[in-house]
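The values are calculated or read from the model by the stated rules, or taken from the named source; none is laboratory data. Just so you know, these numbers come straight off a predicted model, no measurement behind them. Every residue, glycine as well, gets a Cβ built from its backbone with ideal geometry; the counts of neighbours run over all protein chains shown. Surface accessibility is based on the protein's heavy atoms, side chains included, excluding ligands, DNA and RNA. Shrake-Rupley method; radii C 1.70, N 1.55, O 1.52, S 1.80 Å.
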Amino acid sequence: FYYSKLAQLNKLDGLLAISNSSAKEAIKYLSINSNKVFNISSACDKKIFNKCTNIDNNVSINVNKFTPFILYSGAIDPRKNVKTLLEAFSKLPPALNDYKLVLVGKLLPIEEKIVENWIALFKINPIKVIRTGYLSDFDLVELYRKCELFVFPSLHEGFGLPLLEAMSCGAPVIGSNRTSIPEVIALESAMFDPKNVEEITSLIHQALTSKSFQDVLKNNAFVQSQKFSWFNSAQEVIKACESIL
């Protein structure tokens, strides 16, 4: 089934990619002519994911019981690299013992067990790792707004939507330097090698303890989040269609 889908791609007049990274992969691995591939980027709903809209009446989660906390939102399949994030978290110095790590996303029972095994492996106090399960967008926005830091350690992304959601809500963000993630973050000092545990720990530590670096991250979140919108993506789709026709 999957290979038949790949074969059909070569018959298309055009392919719309959600990042420059995805576009390059399509050209490299699917042998699609580069003239047929168009990066239309991506966006999030700024009516919900922002710093100022009043969402109090729709929030059901009590964020105060998490604070202070580091946030991750997404799945935990291997490419998401959550195991390495937990290891990096376990290596933070005692001075940061008050911080919790909040993992947002629906987990299957077997995935819950995997996370528990990782927590035990890295000798983390279980009460310091909070798994929220599936959350509404409004609860997620509340976490983005209240977190001390959002960390995205993924090894591979097509775009990296949680990054943009977090930045749009004003969260200081750091992430890996792989695939499409640099296109969203676009700040070298805010990125790390996702396979280097010490590097991740060091950057988390800097982000939590350096006021000047926090300010840099928050300013970057503001600047970068302005660059992505559905209007811009729509304009790129129109240009792509005109080019194809």
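A few comments on the model shown:
- Of all DSSP beta bridges in the chain, antiparallel share, percent nearest 5: 5 percent
- In region 54-113, lysine pairs closer than 22 Å at Cα, eight or more apart or cross-chain: 13
- Per-residue 3J(HN,Hα) values for region 51-68, derived from phi via the Karplus relation 6.51 cos²θ - 1.76 cosθ + 1.60 with θ = phi - 60°, read 8, 10, 4, 6, 10, 3, 5, 9, 8, 10, 9, 9, 5, 4, 6, 8, 5, x Hz in sequence order (x marks Gly and Pro).
- Per residue value of the accessible surface for the chain (all protein chains in place, 1.4 Å probe), Å²: 52 Å²
- Karplus 3J(HN,Hα) series, Hz, for region 95-101 with 6.51 cos²θ - 1.76 cosθ + 1.60 (x for Gly, Pro): 4, 10, 4, 6, 6, 9, 10
- Positive contributions from Lys and Arg (+1) and negative ones from Asp and Glu (-1), summed over other residues with Cβ under 13 Å from the Cβ of S243, come out at -1.
- Loop trypsin sites (Lys or Arg not before Pro), region 53-109, which have at most 16 other Cβ atoms in a 10 Å radius of their Cβ (DSSP): K91, K106
- Rounded to the nearest 0.05, the FRET efficiency derived from the C-beta distance between A234 and S136 at R0 = 25 Å is 0.40.
- K100 long-range amide H proximity, modeled H, under 5 Å: F69, I70
- Pairs of C-alpha atoms in region 12-105 farther apart than 20 Å represent 64 percent of all such pairs.
- The packing ranking of peptides 239-245, 139-145, 165-171, highest mean first, is 165-171, 139-145, 239-245, where packing means the average number of other beta carbon atoms within 10 angstrom of each residue.
- Partner aspartates and glutamates whose Cα lies under 12 Å from the Cα of K227, excluding those fewer than 8 positions away in the same chain, are identified as E183.
- From the alpha carbon centroid of region 119-175 to that of region 33-65 is 13 Å.
- Once backbone amide H atoms are built at 1.01 Å from N, R131 has L103 as its partners under 5 Å, excluding neighbours fewer than 5 places away on the same chain.
- Summed residue charge, Cβ within 13 Å of I127's Cβ, Lys/Arg positive, Asp/Glu negative: +2
- Residue-span extension gain [D13 to V59] - 0.36 nm each, minus C-alpha spacing: 12.1 nm
- Distances between placed amide hydrogens fall under 5 Å for A17 paired with F38, N39, I40, all partners being 5 or more residues away or on another chain.
- Remark: region 150-158, residue by residue, has Karplus-estimated 3J(HN,Hα) of 10, 10, 10, x, 4, 7, 7, 9, x Hz, where x stands for each Gly or Pro and the curve is 6.51 cos²θ - 1.76 cosθ + 1.60 at θ = phi - 60°.
- Computed over protein heavy atoms with a 1.4 Å probe, the carbon and sulfur contribution to the accessible area of region 1-128 reaches 54%.
- With contacts taken as Cα pairs under 8 Å at a separation of at least 6 residues, the chain carries a relative contact order of 23 percent.
- Paired Rg and Dmax values of the chain, which use every Cα atom, in angstrom: 19.1, 61
- Largest-first principal axis extents, alpha carbons of region 54-122, Å: 39, 33, 18
- Value of relative contact order over region 1-113, rounded to a whole percent, pairs C-alpha under 8 Å and six or more apart: 21 percent
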